[in-house]
Amino acid sequence: MTTLYEHNRIAYEAAVSMLARTGRAAVIHPTGTGKSFIGFKLCEDNPDKVVLWLSPSEYIFRTQLENWRAADRAADLEVLQETHFDSTSEIQNDLIRSTKNMEECEASGELSNIRFCTYARLMLMQEKELAELRPDLVVLDEFHRAGAQRWGEGLHKLLEIYPDVPVLGLSATNVRYLDGQRDMADELFDGNIASEMTLGDAIVRGILNLPKYILSTYSCQKELERYRDRVKNAKSKAVRTEAERYLEALRRALEKADGLDEVFRKHMKNKSGKYLVFCANYEHMQEMIAKVPEWFAKVDTEPHVYSVYSEDVQAEAEFKRFKTDESGHLKLLFCIDMLNEGIHVDDVSGVILLRPTISPIIYKQQIGRALSAGKKQGENPVIFDVVMNIENLYSIGTVEEEMQAAVRYYRDRGEAGMVVNEHFYITDEVQDCMRLFRRLNETLGASWELMYQTAEQYYGIHGNLDVPKRYVTEDCLSLGQWLDTQRKVRAGKVKGILTEAQIARLDQLGMRWQSKSDENWERHFAAAQAYYQEHGNLLVNVRDGKYEGVDLGKWLAQLRTYKKSGIRGNYLTPGRIEALEAVGMVWDVPDYLWEQNYHAAVRYHREHGDLDVPYYYVNSDGVKLGVWIANIRFARRNEGSGRAELTKEQTDRLDELGMIWENKNNAVWERSYAAACRYRKKYGNLNIPVAYVTEDGCHLGRWIRKQKETYRSGMSEERRRKLQAIGVD
């Protein structure tokens, strides 16, 4: 019997309880916290039940299963891809990796009750094959991946055939960010979330160790080359002379600053440890591997270098050699997309970020490789960021926000003892160099007249000064950055001199003095004011489309999210909150949205005679009625859960439409049972062929067979009595 960590034990018990009540339970925990062990524990505790385990790939499953079996500790490490697309190439690659029959991939030994299948394989199964699976439990690993259109089709076929089979979902994220912000916990589990934890929460509680975060000068060296070209092409001799002085100072500073070889020597405390090195593509990986002798000689003159990527047929064997390497040498695993297929190492000492990423999910998964590993070593893992990922607000900023939210939560509840870590600490090896870079950039833009002439030329071509911030002219002049500096100088955000005459000259070119963020606010707030004057409220439907040229409903919904979660405080400032409330902003609008959805339900009832609405049903007005019905059903069953509760009046109005409040799986069972009663009354027996389907579409023969199987493996006493009463043998 494997013992779970405390946080996973609590999540497991909550999931088991929720499965018993509702038949659906989702666990949303970050990478590295051992959530796959929750699924394996469920299999272990139910050895007499057939468990169908669905996963994005066979490799991920086998890696997780190997860690479970080898575990003499409380939780595993998992490295799973955060992918939000279902391209043809992805499906084809997964099918290639899944050519074995399911039986060949089944677990053995103490978990011999598991039957494994990829989502891609499930997608191709015919109804006959699905009918032969006969699972007692289903585990959806990385369940957000099932939101991909084609993979989702296979899963929904399975769930339609086995509506009463309990389903456990595991994922690091329930939201498909690149797919319309779809919440797969709502779509697949009716909002039944047994346990939810953010990466920041896990770090605050000490579940994942706080890393040592190192910023280095590697990217600064590349920037130096770019600035040399800019200085060389500067048209003003005075600017060139001054810039060359700063360029030389910067060159000397970079020479004095620790290079990557020294950074690795100082901060790689475990000189025989294992490190994951993230690269952008195959060419980039080969270039970086060539740097190994230069960068790591001070740590180990003979490091063991490995590389993996999905197209390499030797990748799995290469990874295994890295994983089992117990030598006294430094071990480096260079990764591209193979990392995203489920790489898993128990004793990794840290990660090296050589590839820039703007995805907060991918970023958190990358650093999560080190966070999860540090737990075993009893020391803080180390993250070497040599591409300045730390400056990306959508990456490390999200972790900081999650940590701050978690700290506030525990302190507000009087549980300050839960707070182990409060802040993300950074070792900045590039501070002096960045200061000189700023001075050099200011010097290159020192000739206000030259830059104004450049802006004038841009205006003559484009008719505006909406210049991207990173825009650089053919003469290597950073026009976008210069214009941004003028805005900041005028706003008093940075020091500088900007005369009224200069402001007037820029105004003649249509200078936009607000930042993009401020302009966005002003445009939307003006629309909000106009809407309030016209309608007397700000109860704007997110589906109403554009108003005054902006998506006002969507913007207001985002602001409610910001206020509720406490994020984006630099955008939704106290002053802006006050301004919104002055024009009728309502931060909680359940009644308005409820009425809109209720009227859609009335129309559906008129057309269909019931409220048995398919989950994915969307009416002609774009109202997701199926999702709304599922949500209010959940709210009614789970009063006190924190979700908006229905009033008695609302409940009565829905009852008048014949609302079915119980779990939809129960409703399906009751309808099938009623069909069986009618069949017995008409024919005097229940000797029903398996393929028999009633006139109203009930697969009665298949349902009877399923009840007989479930009767033997376990069902509620109430259902047993009801089946016995109609003579089910």
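Every condition in (1) touching a Phe, Trp or Tyr at 6+ places or on another chain (Cβ under 8 Å); (2) modelled with pLDDT of 80 or more is met by GLU153 except one, and the failing one is (1). For region 122-142, the tally of residues that are of a type in the set (Asp, Glu) and within 14 Å of TYR162 (Cα to Cα) stands at 4. Applying the condition of being in a helix (DSSP H, G or I) and not β-branched (Val, Ile, Thr) to region 489-504 and asking which residue is nearest to the chain's Cα centre (by Cα) yields ALA491.
Yes/no matrix, rows are residues, columns are (1) within 30 Å of GLY701 (Cα to Cα); (2) modelled with pLDDT of 85 or more; (3) part of a helix (DSSP H, G or I):
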site: LEU593; (1), (2), (3): no, no, yes
site: TYR616; (1), (2), (3): yes, no, no
site: GLY622; (1), (2), (3): no, no, no
site: TRP628; (1), (2), (3): no, no, yes
site: ASN631; (1), (2), (3): no, no, yes
site: ASN665; (1), (2), (3): yes, no, yes
site: ALA676; (1), (2), (3): yes, yes, yes
site: LYS682; (1), (2), (3): yes, yes, yes
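Residue-wise test of (1) touching a strand residue (DSSP E or B) at 6+ places or on another chain (Cβ under 6 Å); (2) farther than 26 Å from GLU578 by Cα.
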{"position": "LYS493", "(1), (2)": "no, no"}
{"position": "ALA504", "(1), (2)": "no, yes"}
{"position": "GLN508", "(1), (2)": "no, yes"}
{"position": "ARG512", "(1), (2)": "no, no"}
{"position": "SER517", "(1), (2)": "no, no"}
{"position": "TRP521", "(1), (2)": "no, no"}
{"position": "HIS524", "(1), (2)": "yes, no"}
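Across region 454-488, which residue is surrounded by the fewest Cβ atoms within 10 Å (Cβ to Cβ) among those that are within 39 Å of the chain's Cα centre (by Cα) and within 14 Å of GLY510 (Cβ to Cβ)? Selected residue: HIS462. Summed over region 23-58, the residues that are modelled with pLDDT of 90 or more, assigned to a helix (DSSP H, G or I) and closer than 22 Å to ASP183 by Cα give a count of 2.
Applying the selection to region 474-490, what residues are out of contact with any helix residue (DSSP H, G or I) (no Cβ under 6 Å at 6 or more places or on another chain) and touching a residue at least 12 places away in the same chain (Cβ under 8 Å)? ASP475, SER478, GLY480, GLN481, LEU483, ASP484, THR485, GLN486, ARG487, ARG490 - these are the residues of region 474-490 that are out of contact with any helix residue (DSSP H, G or I) (no Cβ under 6 Å at 6 or more places or on another chain) and touching a residue at least 12 places away in the same chain (Cβ under 8 Å). For region 392-446, the candidate set comprises residues that are assigned to a loop (DSSP other than H, G, I, E, B) and of a type in the set (Ser, Thr, Tyr); within that set, the residue that is modelled with the highest pLDDT is TYR425. Pairs are defined by a Cβ separation below 7 Å, a sequence spacing of at least 6 or placement on different chains, a first member in region 315-332 that is closer than 22 Å to TYR282 by Cβ, and a second member that is at pLDDT 85 or above and in a helix (DSSP H, G or I); the pairs so defined are LYS331/PHE322; LEU332/VAL292.
Residues in region 120-142 that are of a type in the set (D, E, K, R) and either crowded, with 21+ Cβ neighbours inside 10 Å or within 27 Å of the chain's Cα centre (by Cα) (or both): ARG121, ASP141, GLU142. If you take the residues of region 1-22 that are assigned to a helix (DSSP H, G or I) and of a type in the set (Val, Ile, Thr), which of them is farthest from ASP186 (Cα to Cα)? Out of the qualifying residues, it is ILE10. Looking across region 292-310, the residues that are of a type outside the set (Phe, Trp, Tyr), in contact (Cβ under 8 Å) with a residue 24 or more places away in the chain and either more than 14 Å from LEU276 (Cα to Cα) or not in a loop (DSSP other than H, G, I, E, B) (or both) come down to VAL292, GLU294, ALA297, LYS298, VAL299, ASP300, GLU302, HIS304, VAL305, SER307, VAL308, SER310.
Among what's in region 267-286 and is out of contact with any strand residue (DSSP E or B) (no Cβ under 8 Å at 6 or more places or on another chain) and at pLDDT 90 or above, pick the residue that is surrounded by the most Cβ atoms within 10 Å (Cβ to Cβ). For region 267-286, the residue satisfying everything is LYS271.
The values are calculated or read from the model by the stated rules, or taken from the named source; none is laboratory data. All values reported here derive from a predicted model rather than from experimental measurement. Virtual Cβ from ideal backbone geometry, glycine too; neighbours counted across all protein chains shown.
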